[in-house]
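Worksheet for the structure shown next.
Bear in mind that the values in this text are calculations on the coordinates, not laboratory data. Since this is a predicted model, take the numbers as computed values, not measurements. Every residue, glycine among them, receives a Cβ derived from its backbone with ideal geometry; neighbour counts consider all protein chains shown.
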Amino acid sequence: MNDIIRRYAMMQVPRYTSYPTAAEFTQSVIVADQRRWLGAIDPAEAVSLYLHVPYCRELCLYCGCNTKKALRDDVVATYREALEREIALLDEAVPGRLRIARLHWGGGTPSILGIDGLASVTRALRGRFDFEPGFEHAIELDPRYVTALLAAGLNELGVTRVSLGVQDVNPLVQAAIGRWQPMRDVEAAVQWLRAAGIRNLNFDLIYGLPLQTTASLRKTCETVAMLSPDRIACFGYAHMPRLKANQRRIDETTLPDADARIDQAAVIEEEFQRHGFTKIGIDHFARPDDALALAAAAGRLHRNFQGYTDDGRETLIGLGASSISRFTDGYVQNVADVPSYVRTIASGRLAAVRGCHLDAAERQRARTIESLMCRFEADLDVTAPDMEFIEELSLLQPLAADGLVRVDGRVVTATETGRQVVRVIAAAFDPHARTKATRFSKAV
Ligand SMILES: C[S@@+](CC[C@H](N)C(=O)[O-])C[C@H]1O[C@@H](n2cnc3c(N)ncnc32)[C@H](O)[C@@H]1O
Ligand code: SF4
């Protein structure tokens, strides 16, 4: 069976944090669409908000995020001002006072704004929008830059969940990925955040990194499990040196091969399950009583640009350079180049430059793929009642013959083995992926 999995694991397929993926976005979507979609938001509907901060103090060699090294504090401050200006533009574009159900700061490293900067943006948001009682307020942090003062400040701002980039605790791996991060920094960050009253902690880990072995990963899993995070996202390293210049500095001869990646994913699953975590989807783990695990058990798991989520809201508004918004009728992405973003916003214009329209057929494909990614199953009569999917179902036949998928009438189910390569199964429903394989990372 390992031979079969290896063959599929080598395939380059999207991670399906959206369908269509951002690789399909074109200039067919323009600011006029963004304005129309924002203007059509039902004032009674609460939406989710994502704020992107594309700066870090240093760049890690493996990083695939949309970020750059901040060389000057005044540049970061100018970016913060643009974010606040974009909040005002958003307010002008929506009918009534926007209701926010979730707020997520991502990056880059959002804390680079400093606690005063974060407070300033939060004030701009609170001044213009209404927040639902008990809303989730999450932020991604680099443990090396967490201090007791930052933790207390975040709690004052109402932050309820923090994701810490742990990546790997092994010093040799850290050297190979250009991210020196002593374990005591992670421990201190966890302690300060908890002491400040921030109870919900997520860790990000990566497998498939240079010099990682199953033995080193077992140790990493054991070490981080001791800190009792609520959730762990363990991503397979996406190595795309053609798209990411920093990744070209990674010595490819030290990267684990497809077999090793399969074994690493298996060890991680074994270790976290042994430590009492529930596996969620393809790469997340959560304490059984965590909201994500409860959502998964109840069939309420969703997928968005941050990975798996219990947030089922359709409208997600992204602010900041490169951020993506999702509406019923399509996706729209802000310009990724930071100076262009700042200039556009400063001149009083919204910064959308690309996206895609969603018609009824694309929405049904999206629902089918999300269902496969979240539940390893799609009942096509529910997810795509108007679609015949003749070509798609025939594409699944070899996967069925290899024991990866079962097709019972209109119900498509990944087998236990097939779950490992569910992205390949999902890709059968994605006509775009068939022509653009080299733009995506490996399936495992
Ligand atoms: C915005 S960063 C997290 C916050 C903070 N900047 C940090 O690094 O601690 C988002 C996460 O994406 C993951 N990531 C980044 N580049 C990746 C890649 N090439 N492949 C897989 N995961 C990656 C890392 O786990 C990282 O923690
Ligand atoms: S992993 Fe985090 S700290 Fe490292 S470059 Fe990417 S966003 Fe910045």
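Working note: Karplus 6.51/-1.76/1.60 with θ = phi - 60° gives region 127-142 the couplings x, 10, 10, 9, 9, 5, x, x, 5, 7, 10, 10, 9, 8, 10, 8 Hz, where Gly and Pro are set to x.
Around the amide H of Phe131, modelled in the peptide plane, lie the amide H atoms of Ile100, all under 5 Å away and 5 or more residues distant in sequence or on another chain.
Kindly put Thr315, Thr67 in sequence by how many other C-beta atoms sit within 10 Å of each C-beta, fewest to most.
Thr315, Thr67
Using equal-weight Cα scatterers in the Debye expression, the normalised intensity of region 1-52 in log10 at q = 0.24, 0.25 Å⁻¹ is -1.14, -1.15. The 3J(HN,Hα) values that the Karplus relation (6.51, -1.76, 1.60; θ = phi - 60°) gives for region 198-212 are, in residue order, 8, 8, 9, 10, 10, 10, 9, 10, 9, 10, x, 7, x, 6, 5 Hz. Gly and Pro appear as x.
Where Lys and Arg each count +1 and Asp and Glu each count -1, what net charge lies around Asp116 among other residues with Cβ under 15 Å from its Cβ? Charge balance near Asp116 sits at -3. Based on alpha-carbon centroids, what's the gap between region 24-41 and region 112-189 in Å, whole number please? Here the two parts' Cα centres lie 31 Å apart. Residues whose amide H comes within less than 5 Å of that of Gln167, counting only those at least five positions distant or on another chain, are Asp204, Leu205, Ile206 (H built at 1.01 Å from N in the peptide plane). Under a 5 Å amide H cut-off, with hydrogens placed 1.01 Å from N, Asn200 pairs with Val162 among residues at least 5 apart or on other chains.
For a test of the definition: using alpha carbon positions, the gyration tensor, and the 1.5 limit on a/c, classify region 315-437 as rounded, prolate or oblate.
On the way: a/c = 3.03, a/b = 2.42, b/c = 1.25.
Prolate.
In the neighborhood of Glu58, defined by Cβ-to-Cβ distances under 12 Å, what is the net charge if each Lys or Arg adds +1 and each Asp or Glu adds -1? Walk me through the intermediate numbers first.
On the way: positive: Arg57, Lys68, Lys69, Arg144, Arg179; negative: Asp142.
So the environment of Glu58 carries a net charge of +4.
Cross-link check: pairs Lys68/Lys442; Lys244/Lys442; Lys244/Lys279; Lys68/Lys279; Lys219/Lys244 evaluated at a Cα-Cα cut-off of 23 Å; pairs beyond the cut-off: Lys68/Lys442; Lys244/Lys279; Lys68/Lys279; Lys219/Lys244.
If you take every DSSP beta bridge whose two residues both sit in region 13-319, what share of them, in percent to the nearest 5, is antiparallel?
Details: 9 of 45 bridges.
Roughly 20 percent of the DSSP beta bridges within region 13-319 come out antiparallel.
Which whole number in µm²/s is D for region 1-124 by Stokes-Einstein, with the Kirkwood Rh taken over Cα pairs at 37 °C and 0.692 mPa s? Numbers along the way, then the final one.
Details: Rh = 17.6 Å.
Estimated diffusion coefficient is 186 µm²/s.
A simple rule links phi to the HN-Hα coupling: the Karplus curve 6.51 cos²θ - 1.76 cosθ + 1.60 with θ = phi - 60°, which for region 346-356 gives 4, 8, x, 10, 5, 10, 5, 10, 7, x, 7 Hz, with x for Gly and Pro. Scattering from the chain was approximated by placing one identical point on each alpha carbon and applying the Debye formula without solvent; log10 I(q)/I(0) at 0.10, 0.12 1/Å stands at -0.71, -1.07. Defining a contact as two alpha carbons under 8 Å apart and six or more residues distant in sequence, what relative contact order in percent does region 32-127 show? Once normalised by length, the contact order is 44 percent.
Remark: Met226, Met11, Met373 ranked as Met226, Met11, Met373, counting other beta-carbon atoms within 10 Å and listing the fewest first.
Near Arg97: Cβ cut-off under 15 Å, other residues only, Lys/Arg at +1 and Asp/Glu at -1. The net charge is -3.
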